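Structure first, commentary second.
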Amino acid sequence: MGFEFQILDGLQTIHTPMLDTFMTFVTKLGDAGIAWISLTIILLLIPKTRKAGAYMAVALIADLIICNAILKPIVARPRPYSINKTIKLLVPPLRDYSFPSGHTAASFASVSALYFAGRKRLAVGALVVSILIAFSRMYLYVHYPTDVLGGLIIGLLCGWIADVIMKRIAERKSKART
């Protein structure tokens, strides 16, 4: 864990008032998955993008189960600011555990779901936002780098799970029609 604190402490040296404001804004996009849930709802409402919305919904549900219901309580990793109490937080302290980063997992679940659903251009835009959200979690000292990496991997896995589930549903619908 020493190398993780070196990274987090190194990030503290790049703080500026403007960057602090930007990173707190970016991280709020991931709070409770609000940006991704909102995008999912919008996509579900538009017939042309309904498939992508369904992929995202399945991926986000898988993410919620894997991250929040299973991994966070099992791993029970304290947040970095709980260990290094000299850090002045720019966001309110969180009540749940650190591993994995739920913000990162939901972000990358959304990116990979969009990619698997065939919405590659939208996935690229979501990828940029996801990278910023993931970075903000370390910048703000609320997650270790391995929390973010774990969230990224789990998010990609959730997008793949959505792809498998959605393809099975499509196969069953296809068989039911014949």
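Some observations on this one:
- When Ala54, Ala62 are checked against the criterion of being under 23 Å from Asp96 (Cα atoms) and either touching a residue at least 60 places away in the same chain (Cβ under 8 Å) or not charged (D, E, K, R) (or both), Ala62 stands alone in meeting it.
- Looking only at region 142-156, and only at residues there that are of a type in the set (A, V, I, L, M, F, W, C) and surrounded by fewer than 18 Cβ atoms within 10 Å (Cβ to Cβ), the one that is farthest from Phe25 (Cα to Cα): Ile153
- Residue satisfying condition, being within 23 Å of Leu19 (Cα to Cα) and either at pLDDT below 95 or in contact with a strand residue (DSSP E or B) (Cβ under 7 Å, 6 or more places away or on another chain) (or both), within set Thr86, Thr146, Thr104: Thr86
- Condition check for Gly53: modelled with pLDDT under 95, touching a helix residue (DSSP H, G or I) at 6+ places or on another chain (Cβ under 6 Å) and not hydrophobic (A, V, I, L, M, F, W, C): no
- So Ser98, is it touching a helix residue (DSSP H, G or I) at 6+ places or on another chain (Cβ under 9 Å) and part of a helix (DSSP H, G or I): no
- Residues being in a helix (DSSP H, G or I) and farther than 20 Å from Leu156 by Cβ - total across region 28-58: 13
- Considering residues of region 97-141 that are over 14 Å from the mean Cα position of the chain (by Cα), on the phi < 0 side of the Ramachandran plot and touching a residue at least 12 places away in the same chain (Cβ under 8 Å) only, the residue surrounded by the most Cβ atoms within 10 Å (Cβ to Cβ): Ala117
- Filter result for Ile83 (more than 25 Å from Gly159 (Cβ to Cβ) and either of a type in the set (Gly, Ala, Ser) or more than 18 Å from the chain's Cα centre (by Cα) (or both)): yes
- Residue that is nearest to Tyr81 (Cα to Cα), among those in region 20-40 that are surrounded by 13 or more Cβ atoms within 10 Å (Cβ to Cβ) and over 16 Å from the mean Cα position of the chain (by Cα): Asp20
- Meets criteria (in contact with a helix residue (DSSP H, G or I) (Cβ under 8 Å, 6 or more places away or on another chain) and of a type outside the set (Ser, Thr, Tyr)) for Ile169: no
- Residues that are more than 15 Å from Val111 (Cα to Cα) and either without any contact (Cβ under 8 Å) to a residue 40 or more places away in the chain or surrounded by fewer than 18 Cβ atoms within 10 Å (Cβ to Cβ) (or both), drawn from region 157-166: Val164, Ile165
The values are calculated or read from the model by the stated rules, or taken from the named source; none is laboratory data. Keep in mind it's a predicted model, so treat the numbers as computed, not measured. Neighbour counts run over all protein chains shown; Cβ positions are idealised from the backbone, glycine included.
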